[in-house]
Amino acid sequence: MIELKNVSKTFTTGKKKVEALKDVSLKINKGEIYGVIGFSGAGKSTLIRCANLLERPTEGEVCIDGVDLTKLKKSQLRKTRGKIGMIFQHFNLLTTATVYENVARPLKLSKVPKHEIKERVDKYLKIVGLEEKKHVYPAQLSGGQKQRVAIARALAQEPEVLLSDEATSALDPNTTSSILELLLRVNKELGITIFLITHELDVIQRICDRVGVMHHGELVEEGSVIDVFTKPEHPQTRKFVFDEANFQVPDSVKKGLSATGRLVSLTFIGEASNEPFLAAITKKFDVVPSILAGGIDQLKASSVGKLLIHLQGDAAEVERAISYLEAQHVTVEEVAS
Amino acid sequence: MIAEFWTEWGTDITEAFWQTLLMTGISLAISILIGLPLGILLVMTRKGGQAENRVFYSIVNTIINIIRSIPFIILLFLLLPLTRALIGTTIGVEGVILPLVVYTAPYIARLMESALLEVNKGVIEAYESMGISTSKIIWSVILREARSTMILGLTIATIGLIGATAMAGLVGAGGLGDLAYQYGHLRFEPVVMYVVIIILIILVQAMQTLGNVLARRLRKD
Ligand SMILES: Nc1ncnc2c1ncn2[C@@H]1O[C@H](COP(=O)(O)OP(=O)(O)O)[C@@H](O)[C@H]1O
Ligand SMILES: [Mg+2]
């Protein structure tokens, strides 16, 4: 569907050069929701803007259905962009046009027949749940409602892909949830592929199938959300995953505990959480596990549990208990103290 | 007393009033026709614009700055030979349109430029991302979104223009300024001058109010 091949982008302002993207390659399959996460300045916006050539890569190819956008003529590029919808952090609606006109005007400008415009606008305003607000101006809408209008505007183009540049970053948690629900529905019911970028782990957890992690312009890790969550490899990914699951145990406590045993974090997927593995290791080995903190994250496909435990006991015995846990598909990580 | 004054000066004042409106109207229309496209071009050719063009931008930018730094009264005399050559006369309403346009068009270009620059870049980008052509974006997005600010800008330009037409009285252009100068100053009829001043104040107030009302009506946020 979308394929970025060795994409690099360097911004030159005066004598200063910023390498916003360094040789990034990624492939987004039809029908999936692919999210890229990274801290501010990592190059996420530049990346997603390369996908529809709002930003032209310095090097590399951007292929949509096998067609390299960087080689298209202006008019062909415009046509292809019709297949790619985009939503933004700050909604980017016309302030001087009603909700209806905001969705209708791009269709008019794209020469969609009149009767079809009305049909489409009504259809998509209904899908986003704003048919009652048709004649209202954006200034009278909440942030979430504005984003819904922007989504309706993008959908009304009947695109195959939807790009989302931090679409929920300006919204409060409740509104974020409802917009994420809407994006999930758009993906499932309309079959639209979604490519999103965010700095919020929650967004990735809740709606993405696959995730990429960006750091200083590079895609440092990529995989299914479950894999990346349970077995993060790159230090940057671990920062994201474990920052969330840091459980806020004071350092002084950690220090005291690591003197009397080993402090480890356990990560397990869905089914594993049904098995009482902690009870099992107490029985099978001569160790005393005590739980310091824990939590369960609901991912799109399944849930991931995380526990911070202290294993007290003879070193060899603790080692065997850990091997047993790993055999049960529990990821065990030493917690630095 | 008022009746007496009006029988004596009524025709002159009415005629001068219409001349002022005519001068303002014609030069405003021509200045918009020149200034608005120029404003659009400035926005498009500036750095990061849709049709970035350093050379064009700096040339137009410099010319506008130069003209804008010449006081109208000087421009008026400076342009006399050109006016004579182009229009054939330097007096009356026709004789003063050229300097008024030269004075106002660059001002309008500036005002339009700043109004257009105020339009949210994000909205323009959203339309680009939907594959909509630059010319359509200019007409249906940028100009529409900027309408309110543009109206306010044009109001300012119009008021400046009314002031300039009054000065044009000095070269015998007719209009309220001419009347005030010829009779109020040269023939010492101060009442005529006061009446003209009051009419000008009312005219300017009316313009500003009209502009504000229109702009407010177009503004939806
Ligand atoms: N138009 C631009 N001109 C110059 N530098 C830019 C431009 N856009 C982005 N950058 C730089 O590129 C880097 C990545 O920016 P961005 O893609 O916006 O990151 P993110 O979206 O992850 O916060 C930053 O260092 C930013 O300053
Ligand atoms: Mg960004």
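The values are calculated or read from the model by the stated rules, or taken from the named source; none is laboratory data. What you see is a predicted model; the values in this text were computed from it and never measured. Glycine gets a Cβ as well: all are built from the backbone with ideal geometry, and neighbour counts include every protein chain shown. Calculation scope for accessible area: heavy atoms of the full protein, side chains included, ligands and nucleic acids excluded. Shrake-Rupley method; radii C 1.70, N 1.55, O 1.52, S 1.80 Å.
Mind ranking B:W6, B:W18 by accessible surface for me, highest first, 1.4 Å probe?
B:W18, B:W6
Return the average number of partner chain Cβ atoms within 10 angstrom of each residue Cβ along peptide A:93-100.
Taking all residues of A:93-100 together, the mean is 5.
Can you tell me the dipole magnitude for the protein assembly as shown around its Cα centre, using point charges on the Cβ only (Lys, Arg +1; Asp, Glu -1), in Debye to the nearest 20?
1280 debye
Would you mind computing the Rg to Rh ratio of the range A:203-242 from its alpha-carbon coordinates, Kirkwood style for Rh?
When Rh is taken as the Kirkwood radius, the ratio is 0.92.
Each residue of the range A:43-59 in turn: what ³J(HN,Hα) in whole Hz from Karplus with 6.51, -1.76, 1.60 and θ = phi - 60°, glycine and Pro shown as x?
Result, ordered by residue: x, 4, 4, 4, 4, 6, 6, 6, 5, 10, 6, 4, 10, 8, x, 5, 9 Hz.
Tally Lys/Arg at +1 and Asp/Glu at -1 over every other residue whose Cβ is under 14 Å from the Cβ of A:A315; what's the total?
-3
Would you mind giving the mean number of other chain beta-carbons within 10 Å of the Cβ of each residue in A:81-90, as a whole number?
3
Over the Cα atoms of the protein assembly as shown, how large are the radius of gyration and the largest Cα-Cα distance (Dmax), in Å?
When restricted to the Cα atoms of the protein assembly as shown, Rg and Dmax are 34.0, 119 Å.
Roughly how many Å is it from the Cα centre of the range A:164-222 to that of the range A:121-145, as a whole number?
Cα centroid of the range A:164-222 versus Cα centroid of the range A:121-145: 22 Å apart.
Counting partner chain Cβ atoms within 10 Å of every residue's Cβ in A:49-59, what's the average?
Partner Cβ neighbours, averaged per residue: 1.
At a Cα cut-off below 26 Å, give the lysines reachable from A:K283, other chains included and same-chain residues fewer than 8 away excluded.
A:K254, A:K306
For the range B:191-200, in order, what is each residue's ³J(HN,Hα) by Karplus, 6.51 cos²θ - 1.76 cosθ + 1.60 with θ = phi - 60°, in whole Hz (x at glycine and Pro)?
The phi angles translate into 4, 4, 4, 4, 4, 4, 4, 4, 4, 4 Hz.
So which lysines pass the test for A:K30, namely a Cα distance under 24 Å, with those fewer than 8 places away in the same chain ruled out?
Result set, ordered by chain and number: A:K5, A:K44, A:K71, A:K79, A:K83, A:K123, A:K188, A:K300.
Please list, ordered by chain and number, the residues whose modelled amide H lies under 5 Å from the amide H of A:V136; skip anything fewer than 5 residues away on the same chain.
A:V99, A:Y100
I want to verify a result. In a Gaussian network model of chain B, Cα cutoff 10 Å, which of these has the top mean-square fluctuation: B:L152, B:L79, B:L116?
In the Gaussian network model the winner is B:L79.
When Lys and Arg each count +1 and Asp and Glu each count -1, what net charge do the other residues less than 12 Å away from A:H90, Cβ to Cβ, add up to?
-1
Of the listed peptides A:182-190, A:222-230, what is their order by residue-averaged count of other C-beta atoms within 10 Å, with the highest listed first?
Highest mean packing first, the order is A:222-230, A:182-190.
How would the range A:244-334 be classified by its alpha-carbon gyration tensor: rounded, prolate or oblate, with rounded meaning a/c under 1.5 and the a/b versus b/c comparison settling the rest?
Here the range A:244-334 falls in the oblate category.
Just to check I understand the Karplus step: with θ = phi - 60° and J = 6.51 cos²θ - 1.76 cosθ + 1.60, what whole-Hz values come out for the range A:120-134, glycine and proline as x?
Computed from phi, the couplings for the range A:120-134 are 5, 4, 4, 4, 7, 5, 5, 4, 8, x, 10, 4, 6, 9, 2 Hz.
Of the residues A:D122, A:D297, A:D314, which exhibits the maximal mean-square fluctuation in a Gaussian network model of chain A defined by a 10 Å Cα contact cut-off?
Answer for the Gaussian network model of chain A: A:D314.
What net charge do the residues around A:N29 carry, taking every other residue with its C-beta under 14 Å from that of A:N29, with Lys and Arg at +1 and Asp and Glu at -1?
So the surrounding residues net to -3.
For a quick check: with amide H placed at 1.01 Å from N, whose amide H comes under 5 Å from A:D23's, ignoring anything fewer than 5 positions away on the same chain?
Residues meeting the criterion, in which the H sits 1.01 Å from N, are A:S8, A:K9.
Choose one answer from A:I84, A:I179, A:I291: the residue with the largest mean-square fluctuation in a GNM of chain A with alpha-carbon springs under 10 Å.
For chain A, modelled as a Gaussian network with Cα springs under 10 Å, the answer is A:I291.
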